[in-house]
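Beneath this line is the structure, given in structure tokens, with notes to follow.
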Amino acid sequence: MALESLIVILVVGAVAGWLAGLIVKGFGFGLLGNIVVGIVGAFLAGFILPQLGLSIGSGIIGAIIHATIGAVILLFLIRLIKRA
């Protein structure tokens, strides 16, 4: 993996995690946590969204939207588990 690809993945993950933290109020994990939540959310969305027949555009904006949707789902699941 090239250094540029790694930087893009980290930036997309950080932005997606930050946006998801804003959408799901009260859930922010700091910079490193947001990156992890964004990246894991992107993988989660990559599995769920095609199963639902949803397709989001390409490019970096599409990647951020895709990862944000997955990160919101992930944060929602974390919130459900913490309440139980």
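Between Lys82 and Leu22, the modelled label-to-label distance comes to 2.0 nm, taking each label 7 Å out from Cα in the direction of the beta carbon.
When each of Val12, Val37, Val24 is scored by the number of other beta-carbon atoms lying within 10 Å, the sequence from fewest to most is Val24, Val12, Val37. Highest GNM mean-square fluctuation among Ile35, Ile65, Ile23, for the chain modelled with Cα contacts below 10 Å: Ile23. Specify the residue with the greatest mean-square fluctuation among Gly70, Gly46, Gly38, computed from a Gaussian network of the chain linking alpha-carbon atoms under 10 Å apart. Fluctuation is largest for Gly46. Distance distribution P(r), the chain, all Cα-Cα pairs, bin width 5 angstrom from 0: 3, 17, 26, 25, 16, 9, 3, 1, 0 percent.
Read-outs throughout are calculated quantities, based only on the coordinates presented, and are distinct from any laboratory measurement. Here the structure is a predicted model, which means the values were calculated and not measured. Cβ atoms come from the backbone with ideal geometry, glycine included; neighbour counts cover every protein chain shown.
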